[in-house]
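Engineer: Okay, handing you the structure first.
The values are calculated or read from the model by the stated rules, or taken from the named source; none is laboratory data. This structure is a prediction, so every number in the text was calculated from the model and none was measured. Cβ placement follows ideal geometry from the backbone for every residue including glycine, while neighbour counts extend to all protein chains displayed. SASA here: full protein model, heavy atoms, side chains in, ligands and nucleic acids out. Shrake-Rupley method; radii C 1.70, N 1.55, O 1.52, S 1.80 Å.
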Amino acid sequence: AQKVTQAQTEISVVEKEDVTLDCVYETRDTTYYLFWYKQPPSGELVFLIRRNSFDEQNEISGRYSWNFQKSTSSFNFTITASQVVDSAVYFCALHPYNQGGKLIFGQGTELSVKP
Amino acid sequence: NAGVTQTPKFQVLKTGQSMTLQCAQDMNHEYMSWYRQDPGMGLRLIHYSVGAGITDQGEVPNGYNVSRSTTEDFPLRLLSAAPSQTSVYFCASSAGGNSPLHFGNGTRLTVT
């Protein structure tokens, strides 16, 4: 079975703190993709990053960074120096190889950044 | 560039009523899909399409129908609404392969 687990339902931090959102996935496929999406209070879903299963390099984009560890089936997301605008629900998702249009989502982590 | 457009944004139905949620994309994407979002459950796939004339079921297809007569449009039909279908519905499209999904802004549906 393919599954994504985001064990942290809600996280609350104070502005400028670093925060890590955990994502653990299950799949028997050797080739797959992992995604992170952000859903701000306005409700739209915003694509953040895509990572394929053969690329375990960490990625940094400004204050955002992602740590992909195939050995532990994890794809964690860290926000450095969090800001109030980072408050949102964040979803991790698994994309089976070449199954366009099909994403398996985790339950989401609601991040609240307080001033 | 409008991207993925969903209508309506809000809808209230009574049990047993039918309706169609509209979804259109202007990116010439082959792949389109419908998800529902419920608290604590993330997004779950209802139906998807890999091209005009081709549709398939996702994780939670019961109570929903789809068709794909054109590349641009992918409507979702509720034949007889039930309170369990109260949810936020998202339509998405992608260029296929392993491209990111582009989502519409969602339709909030309440069935009383």
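Engineer: Counting pairs of Cα atoms in region A:23-82, how many percent are more than 16 Å apart?
Structural biologist: 47 percent
Engineer: In Å and on Cα atoms, what radius of gyration and Dmax does chain B show?
Structural biologist: So, for chain B, Rg and Dmax equal 13.1, 39 Å respectively.
Engineer: Below 8 Å between Cα atoms, with a sequence gap of 6+, how large is the relative contact order for chain B in percent? Present the calculation step by step, with values, prior to reporting the outcome.
Structural biologist: Details: 296 pairs, mean separation 40.3, N = 112.
Over chain B, the number comes to 36 percent.
Engineer: Greater than 28 Å separation of Cα atoms is the criterion. Which listed pairs, A:K70/A:K102; A:K114/B:K14; A:K3/B:K9; A:K38/B:K14; A:K102/B:K9; A:K38/A:K70, meet it?
Structural biologist: On the way: A:K70/A:K102 21 Å; A:K114/B:K14 39 Å; A:K3/B:K9 30 Å; A:K38/B:K14 32 Å; A:K102/B:K9 23 Å; A:K38/A:K70 23 Å.
Checking Cα-Cα distances, A:K114/B:K14; A:K3/B:K9; A:K38/B:K14 exceed 28 Å.
Engineer: How big is the C-alpha Rg of region A:61-105 next to the rule-of-thumb value 2.2 N^0.38 Å, as a ratio? The partial results should precede the final answer.
Structural biologist: Working: Rg = 13.2 Å, N = 45, 2.2 N^0.38 = 9.3 Å.
For region A:61-105, the normalised Cα radius of gyration comes out at 1.41.
Engineer: Continuing with the same structure: With the Cα gyration tensor of region A:10-115 in hand, give its eigenvalues times 5 under a square root as the equivalent ellipsoid semi-axes, listed largest first in whole angstrom.
Structural biologist: Ellipsoid semi-axes (Å, largest first): 24, 15, 11.
Engineer: Another question about this same structure. Given the alpha-carbon gyration tensor of the protein assembly as shown, what are the semi-axes of its equivalent ellipsoid in whole angstrom, ordered largest first, with each equal to the square root of 5 times an eigenvalue?
Structural biologist: Output for the protein assembly as shown: semi-axes of 30, 21, 16 Å.
Engineer: Dipole size in debye (nearest 20) for region B:33-97 around its Cα centre, Lys and Arg Cβ +1, Asp and Glu Cβ -1? Mind showing how you got there, number by number?
Structural biologist: Details: 4 positive and 5 negative charges, 18 e Å.
With Lys and Arg at +1 and Asp and Glu at -1, about 80 debye.
Engineer: Chain pair A, B: how much accessible area is buried, both chains summed, with a 1.4 Å probe, in Å² to 100?
Structural biologist: The buried area between A and B, both sides summed, comes to about 1700 Å².
Engineer: To the nearest 20 debye, what is the magnitude of the charge dipole of the protein assembly as shown about its Cα centre, counting +1 on the Cβ of each Lys and Arg and -1 on the Cβ of each Asp and Glu?
Structural biologist: 480 debye
Engineer: Return a whole-number percent for the relative contact order of region A:13-64, with Cα pairs under 8 Å and 6 or more residues apart as the contact set.
Structural biologist: Values: 35 pairs, mean separation 14.2, N = 52.
Normalised by residue count, the contact order of region A:13-64 is 27 percent.
Engineer: May I pose another question? Starting from region A:1-84, pick out the trypsin sites (Lys or Arg not before Pro) whose DSSP state is loop and whose Cβ has at most 11 other Cβ atoms within 10 Å.
Structural biologist: Taking region A:1-84 and a limit of 11 other Cβ atoms within 10 Å, the loop trypsin sites (Lys or Arg not before Pro) found are A:K16, A:R28.
Engineer: Ok, one more. If you average the sequence gap of Cα pairs under 8 Å that are 6 or more apart and divide by the length of chain A, what percent do you get for the contact order? Don't skip to the end; give the middle numbers.
Structural biologist: Details: 285 pairs, mean separation 43.7, N = 115.
Computed value for chain A: 38 percent relative contact order.
Engineer: Right, next: Testing the spin-label approximation: label points 7 Å from Cα along Cα→Cβ at B:T70 and A:E17. State their distance in nm.
Structural biologist: It is 5.0 nm.
Engineer: With each label point set 7 Å from Cα along the Cα-Cβ vector, what nm distance links B:N62 and A:K70?
Structural biologist: Using points 7 Å along Cα→Cβ, the separation is 3.9 nm.
Engineer: Show me the chymotrypsin sites (Phe, Trp or Tyr not before Pro) within region A:1-78 that DSSP assigns to loop and that have at most 12 other Cβ atoms within 10 Å of their Cβ.
Structural biologist: Qualifying residues, ordered by number: A:F54.
Engineer: Would you please name the GluC sites (Glu not before Pro) within region B:11-107 that are DSSP coil residues with at most 15 other C-beta atoms within 10 Å of their C-beta?
Structural biologist: Within region B:11-107, the qualifying GluC sites (Glu not before Pro) (loop, at most 15 other Cβ atoms within 10 Å) are B:E59.
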